[in-house]
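Just below is one structure, and these are the notes that go with it.
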Ligand SMILES: Cc1ncc(COP(=O)(O)O)c(C=O)c1O
């Protein structure tokens, strides 16, 4: 058993994908071609959003969005310290400073109540994260942003297909940034990303930023990036996007089994907000003595992941910035442990994991 099984989707769709890749290889058209345009169009329809721009990765999607909003050196962006490093890294990459708000220990997402106190004259945006496939409290964050004239960017790297109040994540904020890293709910066989955006002006700006500051040959209006999605990754995503709802359904089925069958007072199961429809990129439980549970699972060959073992401000890269520890994220990062969840995980194995967890005595 593995924490995720990246080969299984190739086994399932490889015969279709191989043909598409061979066609691209012989076409001579490898970058920003028909497959990329098709993918952007499919995502626009899937997300029910106004504009979509594909790019090289989820990290680039964040950087391009921050740049498009004019966020720069000296500015502050409020975000969560309990996420993958790239969320804060993107803020730093445009020269701005991440300001960390503590999390809600039940949903693991940024606590909207902690945001307002952190707003200063330098604050330009809130970068929320829909962690593990569950939307943050996007309506409340939007409200705060509106009241304080801030922009709201959603980091949707882990939440493709997740809903909040029946609307896709990535369509609440001014921009939604997606990753198609292979482990995501919709993953390619390399790196890929996409931005969902509401404003035509920002859309046009992101198109330029994505390709060295201009969309035409010999046009460079801005200092931009090389952040193009390639035709091969787009073709793979065009096949897989047709199945993303069934992938999420299978993840939800496994989560349902875990939620129903894990009965152990030592373990806290994930909490789903009443307005969120979780897409379970991760199934993350909590336990007081994690080291003991790790040893127990290792002995029984049950794979697990620790997402995330430290708040972002504790990494060496941010250590010298003088961030003060935040109580909830300190506690949760010591207790969290993610168990296997992916569409192809056999139900029998999921049930076996429940049994093993139920026998855990701490
Ligand atoms: C929450 C979050 N943000 C950003 C990223 C960065 O995405 P990518 O790896 O595609 O650059 C990830 C990737 O794991 C992520 O989980």
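The values are calculated or read from the model by the stated rules, or taken from the named source; none is laboratory data. Only a predicted model underlies this, so the values are computations on that prediction, with no experimental measurement involved. Note that we place each Cβ from the backbone using ideal geometry, even for glycine, and neighbour counts take in every protein chain shown.
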Notebook entry, point to check: Are any residues in the range 185-201 within 13 Å of the ligand (Cβ to nearest atom) and under 16 Å from residue 42 (Cβ atoms), and if so, which ones?
Noted result: 185, 186, 187, 188, 192, 193, 194, 195
Check: Quick one: how many residues across the range 125-149 are surrounded by fewer than 19 Cβ atoms within 10 Å (Cβ to Cβ) and either in a loop (DSSP other than H, G, I, E, B) or not assigned by TED's automatic domain parsing to the domain that holds residue 94 (or both)?
Finding: 2
Next item on the list: Working only within the range 76-95, note down all residues that are crowded, with 24+ Cβ neighbours inside 10 Å and either outside the structural domain of residue 66 (by TED's automatic domain parsing) or over 17 Å from residue 157 (Cβ atoms) (or both).
Entry: 78
Item checked: Pair list, Cβ < 6 Å and 6+ apart or interchain, from the range 313-338 residues that are assigned by TED's automatic domain parsing to the domain that holds residue 303 to residues that are surrounded by 19 or more Cβ atoms within 10 Å (Cβ to Cβ) and part of a helix (DSSP H, G or I) -> 323/313
Notebook entry, point to check: When residue 107 is evaluated against the numbered criteria (1) within 11 Å of the ligand (Cβ to nearest atom); (2) within 27 Å of residue 269 (Cβ to Cβ), which criterion, by number, is the only one it fails?
Noted result: (1)
Next item on the list: Go through the range 171-183 and give me each residue that's in contact with a strand residue (DSSP E or B) (Cβ under 8 Å, 6 or more places away or on another chain) and within 13 Å of the ligand (Cβ to nearest atom).
Entry: 176, 177, 178, 179, 180
Next item on the list: Return only the number of the condition from (1) within 24 Å of residue 244 (Cβ to Cβ); (2) touching a strand residue (DSSP E or B) at 6+ places or on another chain (Cβ under 6 Å); (3) within 16 Å of the ligand (Cβ to nearest atom) that residue 44 does not satisfy.
Entry: (3)
Check: When you scan the range 165-178, how many residues do you find that are outside any loop (DSSP other than H, G, I, E, B) and under 11 Å from the mean Cα position of the chain (by Cα)?
Finding: 3
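Does the range 318-326 contain any residue that is part of a helix (DSSP H, G or I) and either crowded, with 16+ Cβ neighbours inside 10 Å or in contact with a helix residue (DSSP H, G or I) (Cβ under 7 Å, 6 or more places away or on another chain) (or both)? Before the answer, list the steps.
Here is the first cut: in the range 318-326, the ones part of a helix (DSSP H, G or I) are 318-319.
Filter again for either crowded, with 16+ Cβ neighbours inside 10 Å or in contact with a helix residue (DSSP H, G or I) (Cβ under 7 Å, 6 or more places away or on another chain) (or both), leaving 318.
Checking the range 318-326: at least one residue is part of a helix (DSSP H, G or I) and either crowded, with 16+ Cβ neighbours inside 10 Å or in contact with a helix residue (DSSP H, G or I) (Cβ under 7 Å, 6 or more places away or on another chain) (or both).
Among the residues of the range 335-357, what is the count of those that are in a loop (DSSP other than H, G, I, E, B) and touching a strand residue (DSSP E or B) at 6+ places or on another chain (Cβ under 7 Å)? Let's see the steps before the verdict.
The first filter runs over the range 335-357 and keeps only residues in a loop (DSSP other than H, G, I, E, B), leaving 340-346.
Next cut, touching a strand residue (DSSP E or B) at 6+ places or on another chain (Cβ under 7 Å) only: 341.
Selection size over the range 335-357: 1.
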Item checked: Evaluation of residue 165 against (1) surrounded by fewer than 24 Cβ atoms within 10 Å (Cβ to Cβ); (2) more than 20 Å from residue 46 (Cα to Cα) (one fails), failing number -> (2)
